[in-house]
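The values are calculated or read from the model by the stated rules, or taken from the named source; none is laboratory data. For clarity, every value in this text was computed on a predicted model and none was experimentally measured. Every residue, glycine among them, receives a Cβ derived from its backbone with ideal geometry; neighbour counts consider all protein chains shown. Quick note on the areas: whole protein, heavy atoms, side chains included, nothing else; ligands and nucleic acids left out. Shrake-Rupley method; radii C 1.70, N 1.55, O 1.52, S 1.80 Å.
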Amino acid sequence: MRNLHAAVPCLDNLQRPLHDLRISVTDRCNLRCTYCMPCEVFGRGFVFLRHAELLSFEEIIRVARQCVALGVRKIRLSGGEPLLRHGIERLVEMLAELRTNDGKPVDLAMTSNGTLLAKKARALKDAGLTRLNISLDALDEAIFRRMSGDRVPPGAVLEGIAAAQEAGLTPVKVNAVVKRGVNESEILPLVRHFRNTGVIMRFIEYMDVGNTNGWRLDDVVTAREILARIDHEHPLVPIEPDAPNEVAERWAFQDGSGEIGVIASVSHAFCHTCSRLRLSTDGKLYTCLFATEGVDLRALLRTRSVPSSDETTLRQRIAATWHYRTDRYSQQRHEMTEALPGRIEMSYIGG
Ligand code: SAM
Ligand code: SF4
Ligand code: SF4
């Protein structure tokens with residue numbers, strides 16, 4: 001299909017281009033991180049989406065193809081735990097075939113809790129995955145179990161990280177959400193553990209996503225505080241971001257033993273460069289992590305279940321969703337006195 005948008009970036013209401021697509025491939029997870037899917041809420045009685053409600057791989061590809069035609073260059077698979085989606089390697093393979101408007105493969109990344117990676121890393125690499133972020137909040141077993149719902153030891157994630165490195169999914173980035181009084185004591189052990197290994201350790205400020213994690217500003221350890229602690233033991237120098245819309249601030253160890261990153265989503269909002277569109281597991285488009293409503297694409301996809309050679313309606317719906325976007329929640333957060341009700345959960349929208 002001829003691409004009418006090749007030379008014209010798809011801009012939102014605040015002139016931000018559409019650049020990234022995050023796809024949540026499942027709302028289920030084998031962990032119960034307290035800040036994301038606390039077990040008191042996501043327990044036995046919780047009703048997850050039924051299989052028929054999920055977008056099929058073919059439906060995901062149809063949406064992704066139109067997003068790429070509108071300027072998306074980077075796609076990240078997330079969830080829930082993306083490795084729980086049956087046949088995920090096949091979806092990676094299908095996405096890896098997409099080409100950007102200038103003929104390049106899309107940058108195809110995944111965020112995973114790593115627990116199932118030891119078995120899957122090689123297949124994901126062979127299928128065309130280019131990058132992998134793995135979440136690990138603590139090395140200390142008791143702290144890790146406390147934060148992740150007491151289902152597996154941290155060794156399971158470390159095995160996954162090793163498998164990813166062996167498979168060549170490098171540089172592996174390891175993400176830790178830091179919660180005051182819970183795992184702040186793990187910042188330095190994590191830095192020490194991954195220095196000199198090629199793994200890039202990144203620390204994320206605990207965010208007020210969803211309605212279930214009981215977020216309080218007091219629980220946030222700011223990026224400045226995290227950096228100060230690391231710099232005290234391992235002097236740091238700032239380095240250039242990977243890309244203009246990169247959310248992580250990058251810092252290198254002065255002694256050349258690697259780099260770390262901090263993601264200051266709460267204390268230093270980056271809404272002004274936010275170029276991410278999110279596709280939920282059941283096919284809704286969200287223009288912000290903190291959005292309360294999404295645009296249903298599944299109904300449209302299923303009206304015409306066979307992809308047509310002309311997917312103009314689908315593309316127009318996506319473009320219009322982006323054009324009307326005004327989101328800048330994190331920048332506005334400071335002005336808010338209390339959390340807004342009715343937000344959607346990160347495990348559903350894809351973190
Ligand atoms: N299950 C995968 C994982 O944990 O990497 C992918 C989905 S998870 C929702 C994506 C990322 O969101 C993880 O790095 C997780 O730590 C982060 N996350 C979840 N809830 C968060 C919160 N309240 N604040 C900051 N980061 C959060
Ligand atoms: Fe699962 Fe990831 Fe959420 Fe933890 S952060 S509960 S691993 S989806
Ligand atoms: Fe983007 Fe919304 Fe996060 Fe701001 S709050 S950076 S607009 S996802």
Checklist entry - Just wondering, is there one or more residues in segment 205-214 that are more than 16 Å from ligand 2 (Cβ to nearest atom) and at pLDDT 90 or above? => result no
Next on the checklist: Of everything in segment 23-42, what is open to solvent by 30 Å² or more (accessible area, probe 1.4 Å) and either among the small types (Gly, Ala, Ser) or out of contact with any helix residue (DSSP H, G or I) (no Cβ under 7 Å at 6 or more places or on another chain) (or both)? Give them in sequence order.
Outcome noted: Tyr35, Cys39, Glu40, Val41
Next on the checklist: Against the conditions (1) surrounded by fewer than 17 Cβ atoms within 10 Å (Cβ to Cβ); (2) under 20 Å from the mean Cα position of the chain (by Cα); (3) closer than 25 Å to Val266 by Cβ, where does Ser185 fall short? Just the number, please.
Outcome noted: (2)
Checklist outcome for this item: Subset of segment 179-215, residues in a strand (DSSP E or B) and in contact with a Ser or Thr (Cβ under 9 Å, 6 or more places away or on another chain), comes to Lys179, Ile204, Glu205
Checklist entry - So which of Ser347, Ser305, Ser309, Ser330 ends up being of a type in the set (Gly, Ala, Ser), at pLDDT below 95 and in contact with a Gly (Cβ under 6 Å, 6 or more places away or on another chain)? => result Ser347
Checklist entry - Do we have Ala156 as in contact with a Ser or Thr (Cβ under 9 Å, 6 or more places away or on another chain), of a type in the set (Gly, Ala, Ser) and assigned to a helix (DSSP H, G or I) here? => result yes
Checklist entry - Somewhere in segment 216-232, is a residue of a type in the set (Lys, Arg) and either assigned to a strand (DSSP E or B) or without any contact (Cβ under 8 Å) to a residue 12 or more places away in the chain (or both)? => result yes
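Given the residues Leu21, Leu77, Leu91, which is the only one that is of a type outside the set (Phe, Trp, Tyr), within 11 Å of ligand 1 (Cβ to nearest atom) and within 18 Å of Val106 (Cα to Cα)?
Only one candidate passes the filter, namely Leu77.
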Checklist entry - Pairs, please: C-beta under 8 Å, at least 6 apart or cross-chain, first residue over 18 Å from Leu279 (Cβ atoms) and in segment 296-320, second open to solvent by 20 Å² or more (accessible area, probe 1.4 Å)? => result Ser309/Met1; Asp310/Met1
